[in-house]
Amino acid sequence: MQFRPGRESDFTHLETFVWQAIFPAFDVPGLTEEQQAENDAMVAQATTQVLTALEQPEYSVFTAWDERRRSLAGYLILEGNPGEYSTVTQLIIRRSEWGKGVGEGLLKEALQEVGPYQGIQLAVRAYNARAIAFFAKHDFTDTGESAGDYAIDRILMIREAVETPAAAEATSTYQEPPESPVVSDYTFPTEADAPYRDELPDYSLTVETDSPFDPADSFLDDEQRSTLEDFIAKAKARKEEQAAAGTAQKKNLVTTDLFSTPSDESATEPEPDQPSERQPDIPFEVVGAYNPQEVDASSDQADEVTDGAPTEEAKDSEPAFAFDFAFAAAPSSAPAAPPAEPSVPEPVCLNCGTDLPPAARFCPNCGTALQQDEVLELREIEEPAPAAPPPPEAELTMDDVRTAFEDLLGDRLTAYFGADKLRDYLAVYCGDEKFRQIRDVSLRSLTQYMQQEPERRRANRRRDSVLAGLVEYFVVETSAALHSGALPQRLLRYQSVDWAQVDLFQLVLDYLDMDQETETVYTDFVTTPQKVLRNATQTYLRAGRDERLLFICDQSLLGNGKQGFALTDSTLYWKNVLQPAGAVTYTTLGNVVRQDGHLLVDGQYFDAGARLNLRVAVLLDKLRHLNLRGE
């Protein structure tokens, strides 16, 4: 079951849906005519009320959509009212879904829309004990008051809002931030915190006697420039001392004083009370296996060397960098390394003969592009995973077929007689024991057939034919007294008949019963006036060459054939006064609905008179299920 905001396409045939949901539960004994009319109005106005709510921004409509049956299972209309109680104006659930959580799901959607800090109210018919118990279960309270001015008493039920948390008093908690120590815009490393390497490689630096800075071009003041020059001079002096000593030590990263004298035993650290002029520590990242915790764990481990060769532990803890320095290595007294394997000869440019770096793609001298060996990688093609088998369809039950029949019956009764007459016909349906027996026998047989028939197309065609036949039997026979026998009983002989043997011309004449009408009908086109044929074909009768014309009904005031309707073996054509011509084919016919005394045939205006409108609607429903191709 899918709960979602409603849309207009969800509410087709809503009058039938509402009737099936509320009757006979609402039709309790002892109701006055005014109270019965109020229940009938609920059915007749259902579509208008929902469409109006969908258009108004203060209303919200939620639906429960049965994905298996692809039909509406229930809906709820909520009227929002900021600052006051929101109102549930309607909650209607299909009878077959009662007690299955559909109403609870819709109510949950409404409560989430309103939120916990606003109350919600609704009105329930006083005799609807099931609904009262349902809302009481969800924290609605019976106020004991009547709601609104209705013919049927309503009970006002309210669900109070959760108490809104008290708003904290807005107080200013702003405090001036502590003053930062005033530092120069340009602060350089001091002797107390500058990291360095114990042994610096030979960078072939030349000692410059003159200051590298031109005071005229520098933006540094005298003190800053002097500090920087001292820093560089001390670094150079440190470099010269290491080169003169000629000791080869393993390059390990340690944290010590850059300007102190190196010692194998200890390192001079800044005194804890010594003030620092450095900026706050700025974290940085070196791409490699450097772990400062391991380096700083012990000064002995950091400085430990053995004749210039690292120990096994030092090798394991040595940081691995993804780059090398192309500087001359300092002399070392370490044992000679084993002979290296013969190196691959350096690549040479084929154009100018220049030696090339190993990873070069172009010659740095002449710019010639170098050929690259393309490596063809073969991959095994993965076989696609087998598709998951479709989920098994739920087994069709007798209740499913009965529900489908009642949906169709309510829809066609509304289409034939209007929503205002629906209640009378449904009362006959509920009270006629003979028809219920016929219905149950037919639907039981249909259910067994559909459960055993593997071809779904054939099963669905059989279902549509049986359900349509039951509807027709109810309209023609069971409820004949309500429409005063407007449909002749001989129509029932066309049920369960072999369509390949049916005389279509006679079937049309029997359904329309034209002998009881005063309109002029032409069936012999040899004797039909040429003026009538010419006017009919020019205004509305646009039949194809392969169509067989059955009859023309002339309804023009002057008998000139410009208005009326005609049937062929595949199409209905018509033309009404002040209306455009219309046409529908039987096999593609969508819907036929009665509205304000006329018919809407696939949305097109059709009016042949009250009695003929009913017969044409029933005939079109018959021809809709007619298997003209003999399948």
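The values are calculated or read from the model by the stated rules, or taken from the named source; none is laboratory data. No experiment lies behind these values; they were computed from the predicted model shown. Counting neighbours? That spans all protein chains shown, and the Cβs are built from the backbone with ideal geometry, glycine included. These area figures cover heavy atoms from the full protein model, side chains too; ligands, DNA and RNA do not enter into them. Shrake-Rupley method; radii C 1.70, N 1.55, O 1.52, S 1.80 Å.
Kindly indicate which of Phe505, Phe525 is in contact (Cβ under 8 Å) with a residue 40 or more places away in the chain, over 49 Å from the mean Cα position of the chain (by Cα) and either over 27 Å from Asp424 (Cα atoms) or assigned to a helix (DSSP H, G or I) (or both). Break it down stepwise before answering.
Numbers: Phe525 fails: in contact (Cβ under 8 Å) with a residue 40 or more places away in the chain.
Residue meeting the stated conditions: Phe505.
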- Task: Among residues belonging to the range 512-541 that are surrounded by 12 or more Cβ atoms within 10 Å (Cβ to Cβ) and hydrophobic (A, V, I, L, M, F, W, C), point out the one that is nearest to Lys622 (Cα to Cα).
- Result: Leu512
- Reported set for the range 39-48 where residues are touching a residue at least 24 places away in the same chain (Cβ under 8 Å) and either surrounded by fewer than 16 Cβ atoms within 10 Å (Cβ to Cβ) or among the β-branched types (Val, Ile, Thr) (or both) is Val43, Thr47
- Message: Anything in the range 418-429 that is open to solvent by 20 Å² or more (accessible area, probe 1.4 Å) and within 41 Å of the chain's Cα centre (by Cα)? List them, or say none.
- Response: Ala419, Asp420, Lys421, Arg423
- Query: Taking Arg457, is it open to solvent by 90 Å² or more (accessible area, probe 1.4 Å) and at pLDDT below 85?
  - Reply: yes
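Being at pLDDT below 90, closer than 26 Å to Thr414 by Cβ, surrounded by fewer than 14 Cβ atoms within 10 Å (Cβ to Cβ) and not acidic (Asp, Glu) is true for just one of Gly603, Gly544. Which residue is that? Steps first, please.
Working: Gly544 fails: closer than 26 Å to Thr414 by Cβ.
Going through Gly603, Gly544 in turn, just one is at pLDDT below 90, closer than 26 Å to Thr414 by Cβ, surrounded by fewer than 14 Cβ atoms within 10 Å (Cβ to Cβ) and not acidic (Asp, Glu): Gly603.
For the range 7-18, enumerate the residues that are touching an Asp or Glu at 6+ places or on another chain (Cβ under 9 Å) and buried (at least 16 other Cβ atoms within 10 Å of the Cβ).
Filtering the range 7-18 for residues touching an Asp or Glu at 6+ places or on another chain (Cβ under 9 Å) gives 12-13, 15-17.
Hits for the range 7-18 are His13, Glu15, Thr16, Phe17.
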- Looking at (1) in contact with a strand residue (DSSP E or B) (Cβ under 7 Å, 6 or more places away or on another chain); (2) over 22 Å from Glu517 (Cα atoms), which is the only condition Thr528 fails? (2)
